[in-house]
Amino acid sequence: MKILVCIKQVPDMESKFKIDAGGTWYAKTDLAWRMNEYDEYAVEQAVQLKEQVKDADLTVLCIGSDQVKETMKKALAMGCDRGAHIADSNASGKEPFEIAGIIAEYAKDKNFDLIFTGMQSQDRGSGQVGVLVAEMLGLPSVSTVVHFAYTGGTVQVKRELEGGIKACVTVQAPVVITCQLGMNTPRYPTLPNIMKAKKKELLTIPVADLLKVAARQETAKMYFPEKKGGGLVLEGDIAELADKLIKILKEKTAVLA
Amino acid sequence: MKILLIAESREGKLLGGTYELAAFAAKMNAESVMFLVGDDTVLPKYAGKLYLADGKAAGEYNPDVHKQLVLDVIAKENPDMVALCHSSYGWDLAPRIAYALKAAQISEVVGVVDGVPVVPVCNSKLRRDVKAKTVKSVVTLQAGAFGLADEPSGTPEVEKIAVAGAGRVQFTGYEQAAAGGVDLGKAQVIVSAGRGIGKPENVAMIAALAKALGGEYGASRPVVDSEWVEHNRQVGTTGQTVTPKLYIACGISGAIQHLAGMKKSEFIVAINTDRDAPIGDVADVLVVADLKQFVPLFTEKIQSL
Ligand SMILES: Cc1cc2nc3c(=O)[nH]c(=O)nc-3n(C[C@H](O)[C@H](O)[C@H](O)COP(=O)(O)OP(=O)(O)OC[C@H]3O[C@@H](n4cnc5c(N)ncnc54)[C@H](O)[C@@H]3O)c2cc1C
Ligand SMILES: Nc1ncnc2c1ncn2[C@@H]1O[C@H](COP(=O)(O)O)[C@@H](O)[C@H]1O
């Protein structure tokens, strides 16, 4: 069995963001980077599937600058067999249609039985790439999956809907699955596995070899939203903060009466 | 401009986002037609043409079949834009339609400025204006972003469309969220734990504050996904919607899916180390502090009142 999992490297969302010089994305300096949260579930599911079927080859793919190799190494340490790094210094400028086009071009003659992606990236958050990859490859896809089971070519998944209801779905591989939070419990790479990961193949492919589609949209401008609400911000010594908050709750709510 | 609105229904019930689509079309000053896979006994209020496919024949989740039905309507109506809700139905179907139409897809639109869609980036910390380069475009709308100006009215002019084909994915049924446990809906005060609590042991301090205030404790999704708190305490789109007199969000960043479940609370307090956390947009008071220090101290002071 051949499995592909697509991951993205994103900044920590608690970072202090700045707009870059071009005015169309955030500045990439002074940020801490990590694996897109949704993709951690995708990697875990792919590794679990590989462990289940035993005879499987699992590739992790990431499009980005050299820096994304750090995140790819985590995926290798979690249990992926090989890495396909699509080298692109301007991955953040690419729209989902281009990202999907690159992935589909990479995957098109490799006959993957399963392709896992996150349901969305935390920064761009378009939620498009996985389903687009499937459309481009002519494969079925199921998005927002919180439960996955595989038996002899048949995939049984649960999609999460609003209000915590799930839709149960059956589909035959090959298929693309987009992974939602809570799908499993992503493992922490162990030290021996981190060491082993260093010896795994991490092939770099220039993006120009795989980019055959053009963007269908563009960012005109990026900016900070206007602060709404104008709620009160309390800062300083915590004992004073606690007293202030009690005073406010007494004045504004009936809960301390 | 003409917009095709993709309405939603589940188990014979129309979903709320349907009317937001109509509000969006009004905001865009556009002509519109509507598409629904559903039941002819449960029609949306809508003063326009509705293309209706039978939900029993098409299945409630059957992306191949629904995509083809939408494409058939597009062939008849030739709309400039297709609008869907940014929901589990909409974000699944939209890329399929966009791909078939060779159209740009703009996800989770929160506003439109001078005709250009605006979308959130990085957990709503940033915004992006996105211009389609294609003639047709597909958009998904963030829930609540284009609320209703007026209660919709009108009776749609229904044209039934035939369902053909079976599709590659087979929907086998719904699994309801586990019932029972606490009913957060009844609590006057809810204190919720977010990922900022750091470790499961700290749920206790959140529960203690809730108790001191005579309320219940809730949680954001990561805390539930990590199994530190059971699912029936989750607040948000995939959990419960609550409207207590007081909601205290501890170590919760304020992602849209969490806000959707609590922003109508009467009074909102957030405790967060990040002054810029988006929860600040809905909070009446944002206490910039480490919850691990603040919450126990605050609880003690409440207890000694
Ligand atoms: C389809 C879908 C449905 C979803 N449904 C839901 C839902 O129903 N409910 C829900 O909650 N989420 C839901 N989510 C997830 C949501 O997008 C966010 O990922 C989630 O709400 C984040 O939870 P959080 O705020 O606890 O964690 P984070 O976003 O990681 O935020 C943690 C916060 O804690 C703060 N913090 C850290 N340390 C401290 C400290 N010591 N003291 C004080 N503050 C601290 C940080 O500054 C940060 O703001 C859904 C997502 C999707 C895609
Ligand atoms: N640069 C990238 N490299 C590899 N995979 C990506 C990249 N960007 C997005 N993806 C995949 O596509 C998913 C959805 O992303 P998006 O459509 O941007 O929300 C992510 O969870 C990843 O699995």
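Could you work out the per residue convex hull volume over the alpha carbons of segment A:112-206, in cubic angstrom?
Details: hull volume 15.2 nm³, N = 95.
Dividing the Cα hull volume of segment A:112-206 by its residues yields 160 Å³.
Using a ≥ b ≥ c from the Cα gyration tensor of segment A:66-119 (square roots of the eigenvalues), is it rounded, prolate or oblate, where a/c under 1.5 gives rounded and otherwise the larger of a/b and b/c decides, a/b for prolate?
Details: a/c = 1.80, a/b = 1.07, b/c = 1.68.
In terms of gyration-tensor shape, oblate.
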Item to check | Zero-based 5 Å bins, Cα pair distances in segment A:2-209, whole percents | outcome: 1, 7, 16, 21, 21, 16, 10, 5, 2, 0, 0
Item to check | For peptides A:236-244, B:281-289, B:217-225, A:63-71, sequence by mean Cβ density within 10 Å, most packed first | outcome: B:217-225, B:281-289, A:63-71, A:236-244
Next on the checklist: Whole angstrom only: what separates the Cα centroid of segment B:68-100 from the Cα centroid of segment B:19-58?
Outcome noted: 13
Checklist outcome for this item: Over chain B, the quotient of the Cα radius of gyration and 2.2 N^0.38 Å is 1.13
Checklist outcome for this item: For A:GLN172 and B:LYS76, extending 7 Å from Cα along the Cα-Cβ vector and measuring point to point gives, in nm, a value of 3.2
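Tell me the carbon and sulfur percent of the accessible area for chain B, rounded to whole percent, probe radius 1.4 Å.
Values: 5990 of 12150 Å².
Whole-percent figure for carbon plus sulfur exposure: 49.
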Checklist entry - Please state the relative contact order of chain B as a whole percent: Cα pairs under 8 Å, 6+ residues apart? => result 14
Checklist outcome for this item: Share of accessible surface on carbon and sulfur in segment A:1-145, whole %, 1.4 Å probe and ligands ignored, is 44
Next on the checklist: How far apart, in nanometres, would the label points at A:SER65 and A:ILE205 be if each is projected 7 angstrom from Cα along the Cα-to-Cβ direction?
Outcome noted: 2.3
Checklist entry - Which residues of segment B:90-126 show a drop of at least 50 Å² in accessible area when all protein chains are present, compared with their chain alone (probe radius 1.4 Å, heavy atoms only, ligands and nucleic acids excluded)? => result B:TRP91, B:PRO95, B:ARG96, B:TYR99, B:GLN105, B:CYS122, B:LYS125, B:LEU126
Item to check | Shape parameters for segment B:161-305, alpha-carbon atoms, Rg then Dmax in Å | outcome: 17.5, 69
Checklist entry - Nearest 100 Å², what total accessible surface is buried between chain B and chain A (probe 1.4 Å)? => result 7100
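For segment B:2-161, take the alpha-carbon Rg, divide it by the Kirkwood Rh, and send me Rg/Rh.
On the way: Rg = 14.6 Å, Rh = 15.6 Å.
Radius of gyration over Kirkwood radius for segment B:2-161 works out to 0.94.
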Checklist entry - How big is the protein assembly as shown by Rg and Dmax over its Cα atoms, in Å? => result 23.7, 70
Next on the checklist: What does the structure give for B:241-248 when I average, per residue, the other chain Cβ atoms found within 10 Å of the residue Cβ?
Outcome noted: 2
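When you look at the Cβ of every residue in A:242-253, what mean number of other chain Cβ atoms sits within 10 Å? Could you put the intermediate results ahead of the total?
Details: counts 12, 3, 2, 10, 4, 0, 5, 9, 1, 0, 6, 10.
Per residue, the number of nearby Cβ atoms from other chains is 5 on average.
Just reorder B:TRP91, A:TRP25 by solvent-accessible area, largest first, 1.4 Å probe, all chains present.
Final ranking, largest accessible area leading: B:TRP91, A:TRP25.
Take every residue in peptide A:53-65, count the Cβ atoms of other chains within 10 Å of its Cβ, and give the average of those counts. Please report the intermediate quantities before stating the final value.
Numbers: counts 0, 0, 0, 0, 0, 0, 0, 0, 0, 0, 0, 0, 0.
Per residue, the number of nearby Cβ atoms from other chains is 0 on average.
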Next on the checklist: What's the whole-number percent of alpha carbon pairs in segment B:76-218 lying beyond 17 angstrom?
Outcome noted: 77
Next on the checklist: Just to be sure I understand the curve: with the Debye formula and one point per C-alpha of segment A:22-88, what is log10 I(q)/I(0) at q = 0.13, 0.20, 0.23 Å⁻¹?
Outcome noted: -0.42, -0.83, -1.01
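Quick one: if the Förster radius is 41 Å, what FRET efficiency do B:GLU266 and B:LYS292 give, using the C-beta to C-beta distance and rounding to 0.05? It would help to have the intermediate numbers written out before the result.
On the way: r = 27 Å, r/R0 = 0.66.
Once rounded, the FRET efficiency stands at 0.95.
The values are calculated or read from the model by the stated rules, or taken from the named source; none is laboratory data. On a predicted model such as this, the values are computed, not experimentally measured, just so you know. Cβ coordinates were reconstructed from backbone atoms using ideal geometry, including for glycine residues, and neighbour counts include every protein chain displayed. Note: areas computed on protein heavy atoms with side chains; ligands, DNA, RNA excluded. Shrake-Rupley method; radii C 1.70, N 1.55, O 1.52, S 1.80 Å.
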